[in-house]
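Asks: Following this message is one structure expressed as structure tokens.
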Amino acid sequence: MPFWLGPEFTRGIEFQNPVEPVRRAIAAAKREGSDAIVLSGHMGLKMRTGGDDFANTVMALTSEFPEAAVFIAGHTHQAIPSRLTNGMLFTQADHFGIHVGRVDLLFDRNSKKLLHREAACELMDHRVHCDHVIVSRAKSELAESDAALSSPVGVLAETLRSRSRPGVPSDVERLIGAAIREALLERNAPVDGVMHGAFDDKATFAAGPKTLNDIWNLLPYENYIVTGQLCAEEIKAVMEEVFASHEKRNLLGFEVKTQGRGDQIRIVSMTLANGRPVDPGRKYAIAFNSFDSRSGGHHFMKLRALLERPEANYILHPVQTRDALIDYFHRHKIVHRIADASTRDVSA
């Protein structure tokens, strides 16, 4: 969690490696006479390798506690109906309620011995109907939520693309950058550039009337805006790390030209958005979202280290990125495409 959240949100909370707490919990369950141990965690297998990383310790837990019957996993957004991992039954039911997981454990009634175990993922399609009792009890809350999310925020004059390339921000990235910049200027906070990405680079932001629901889909996370003071060489180092990570982010307010591909992408020139050269002796105020500022889940460790230095003057601003975009629509009413790399271009 400290690599997702800033210290403002985690004071007084200790985040332990899960192995030792699980060891204590299993010992307690055995003392209470448990017939089977089921492990469940918001962690899964890595997408490409099927192994562990700093946030997913499935392999460590399944190898440490082979006596557990099953591990019910999550986090990595995969449908893995059933497999054996270090001898333990492993199952993961995708994400967004697309599937629901089912685990069956068969015991001998007399001895309580576990005889059989199996797992499956059930697709939540048209064959699965809503539970009328639950829906009726939640009806008023759902109606209230629907009414709030359908609230109009403004009009988008033209469809915006989300797909970008390193050094070439997408339409959506430029819009988010403009909104963050205006939010900071409204609070008299200096800002020279914004680093941000689009969360779904395959989607488009369609022209037409926009609602709160549209903004929530575009910016689904409660990230706050932070700023830090970085010199040109530090900004360059940060962006090269970002581009090498294959995480989709770009720098707004500057013109960045790159060469190379994959891990070998390098910045060959960087100027201000108006074409003027950067001042190597000056510190520039760059805005990030709070998640990225803490490394974006171990992806941007250089950025995290730079912002932790006192001279970076790290500031957490009391506004979320989503609210900045909502306010931007409220302010401009009709929002047009940001025409160039500068986030200073304003809408009608």
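The values are calculated or read from the model by the stated rules, or taken from the named source; none is laboratory data. Model, not experiment: these values are computed from the prediction. Using ideal geometry, Cβ is built from the backbone for each residue, glycine included, and neighbour counts are taken over all protein chains shown. These area figures cover heavy atoms from the full protein model, side chains too; ligands, DNA and RNA do not enter into them. Shrake-Rupley method; radii C 1.70, N 1.55, O 1.52, S 1.80 Å.
Asks: Sort 17-29, 322-334 for me by packing, meaning the mean count of neighbouring Cβ atoms within 10 Å per residue, highest on top.
Replies: 322-334, 17-29
Asks: Against the longest alpha carbon principal axis of the chain, how many degrees, from 0 to 90 and to the nearest 10, is the axis of helix 19-31 turned?
Replies: The helix 19-31 is inclined about 30 degrees to the chain.
Asks: Does the range 1-66 come out rounded, prolate or oblate, given a ≥ b ≥ c as the square roots of the eigenvalues of its C-alpha gyration tensor, rounded meaning a/c under 1.5 and, failing that, prolate meaning a/b above b/c?
Replies: It is oblate, given that a/c is not under 1.5 and a/b is not larger than b/c.
Asks: Something else: Note down the nm distance, to one decimal, between modelled labels 7 Å out along Cα→Cβ at A189 and at V19.
Replies: Between A189 and V19, the simple spin-label model gives 4.0 nm.
Asks: If I model a spin label as a point 7 Å beyond the Cα along the Cα-Cβ vector, how far apart are those points for K302 and D263 in nm?
Replies: Result for the modelled spin labels: 1.5 nm.
Asks: Of all GluC sites (Glu not before Pro) in the range 29-134, which ones are in loop regions per DSSP and have a Cβ with at most 12 other Cβ atoms within 10 Å?
Replies: Here the sparse-neighbourhood loop sites are E32, E67.
Asks: Would any residue of the range 81-122 have its amide N under 20 Å from a label point 7 Å out along Cα→Cβ of A203? List them or say none.
Replies: Only 94-99 pass the distance filter.
Asks: While we're looking at this one, here's another question. Relative to the first principal axis of the alpha-carbon coordinates of the chain, what is the inclination of helix 232-245, with its axis defined by its Cα atoms, in degrees from 0 to 90 and to the nearest 10?
Replies: With rounding to tens, the tilt is 40 degrees.
Asks: Also, quick follow-up: When the Cα centres of the range 135-186 and the range 242-280 are compared, how far apart do they sit, in Å?
Replies: Taking the Cα centre of the range 242-280 as reference, the centre of the range 135-186 is 26 Å away.
Asks: Could I ask something else about it? So, taking all protein chains as they sit and a 1.4 Å probe, how much accessible area belongs to F54, in Å² rounded to tens?
Replies: Its heavy atoms expose roughly 80 Å² to the probe.
Asks: What accessible area per residue, rounded to a whole number of Å², is obtained for the range 108-225 using a probe radius of 1.4 Å?
Replies: Result: 61 Å² of accessible area for each residue.
Asks: Tell me, what is the FRET efficiency for S151 and D131 to the nearest 0.05, using R0 = 25 angstrom and their Cβ-Cβ distance as r?
Replies: Numbers: r = 28 Å, r/R0 = 1.14.
For S151 and D131, the calculated efficiency is 0.30.
Asks: Across the range 39-47, in residue order, what do the Karplus-derived ³J(HN,Hα) couplings come to in whole Hz, using 6.51 cos²θ - 1.76 cosθ + 1.60 with θ = phi - 60° and x for Gly and Pro?
Replies: Along the range 39-47, the couplings run 9, 9, x, 7, 7, x, 7, 4, 4 Hz.
Asks: May I pose another question? For the range 134-224, run through the chymotrypsin sites (Phe, Trp or Tyr not before Pro) and keep only the ones in DSSP coil with at most 10 other Cβ atoms within 10 Å of their Cβ.
Replies: Qualifying residues, ordered by number: none.
Asks: To continue, here is another question. Calculate the FRET efficiency for M47 and T159 from the Cβ-Cβ distance with a Förster distance of 41 Å, rounded to the nearest 0.05.
Replies: The formula returns an efficiency of 0.85 here.
Asks: Here is a further query. Got a number for carbon plus sulfur as a percent of the chain's accessible area, 1.4 Å probe?
Replies: The C+S portion of the solvent-accessible surface of the chain is 53 percent.
Asks: What is the spin-label model distance, in nm, from A69 to R102 if the labels are put 7 Å beyond Cα along the C-beta direction?
Replies: The modelled label-to-label distance comes out at 1.6 nm.
Asks: Which aspartates and glutamates does K139 reach when only Cα atoms under 20 Å apart count, and residues fewer than 8 places away in its own chain are ignored?
Replies: D131
Asks: Scan the range 190-298 for trypsin sites (Lys or Arg not before Pro) in coil per DSSP, keeping those whose Cβ has at most 12 other Cβ atoms within 10 Å, and list them by number.
Replies: When the trypsin sites (Lys or Arg not before Pro) of the range 190-298 are filtered for loop state and at most 12 Cβ neighbours within 10 Å, K202, R261, R282 remain.
Asks: Looking at this model, which pairs from K30/K113; K46/K302; K236/K283; K210/K248 are more than 18 angstrom apart at the alpha-carbon?
Replies: Where the Cα-Cα span goes over 18 Å, the pairs concerned are K46/K302; K210/K248.
Asks: Here is a follow-up. Compute the acute angle (0 to 90°) between the alpha-carbon long axis of helix 321-332 and the principal axis of greatest extent of the alpha-carbon atoms of the chain; round to the nearest 10°.
Replies: Orientation of helix 321-332: about 40 degrees from the principal axis.
Asks: In terms of Cα to Cα distance under 20 Å, which aspartates and glutamates are near enough to K112, apart from those fewer than 8 places away along the same chain?
Replies: Within the straight-line cut-off, K112 pairs with E32, D35, E67, D104.
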